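Values quoted throughout were computed directly from the atomic coordinates according to the rules given, and no laboratory measurement underlies them. Note that the coordinates shown come from a computational prediction; the quantities given were computed from them, not determined experimentally.
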Amino acid sequence: MHMLFAGVDSGGLSSVGGPRFGLIINKAVGNAVVRHRVARRLRHVCAELVVSGDSADFWRTLGGGRRDMLERADIVIRALPGAATASSRDLAGQVRGGVGKILERERSTE
């Protein structure tokens, strides 16, 4: 997982607000049907991370200003072959963990 924050030279990219997520799901994950299923699950996880009430617990554990950091982030998620057999709950936990880890690391460098 990689994250780019606005304010960093983003090569002229413009942001409309809120985080942007990009998914990389290569053929090692599975055939087209499996890759699309993984992409749908990950898109759902990303959407919930940003807007759902379920993510409120996630933001409470991270604390205050980190949500502002996420609002100006571009996030790229690369699915590994294990994503094909992982449950949606496992994928959600891994995405939250990755985002949390990156935000903590970014926060500590400020």
Original post:
Around ARG20, which amide H atoms from residues at least 5 apart in sequence, or from another chain, sit under 5 Å from its own amide H, with H modelled in the peptide plane?
Top reply: ALA73, ASP74, ILE75
**OP:** For SER87 and VAL51, compute 0.36 nm times the residue count separating them, minus their Cα-Cα distance, and round to one decimal in nm.
**Re:** 10.9 nm
Original post:
Once fully extended, how much extra length lies between GLU104 and ASN26, figured as 0.36 nm per residue of separation less the alpha-carbon to alpha-carbon distance?
Top reply: 25.3 nm
Subject >> Residue-by-residue Karplus 3J(HN,Hα) for the stretch 33-47, coefficients 6.51, -1.76, 1.60, Hz, glycine and proline x >> reply: 4, 5, 4, 5, 5, 4, 4, 4, 4, 5, 4, 4, 4, 5, 5
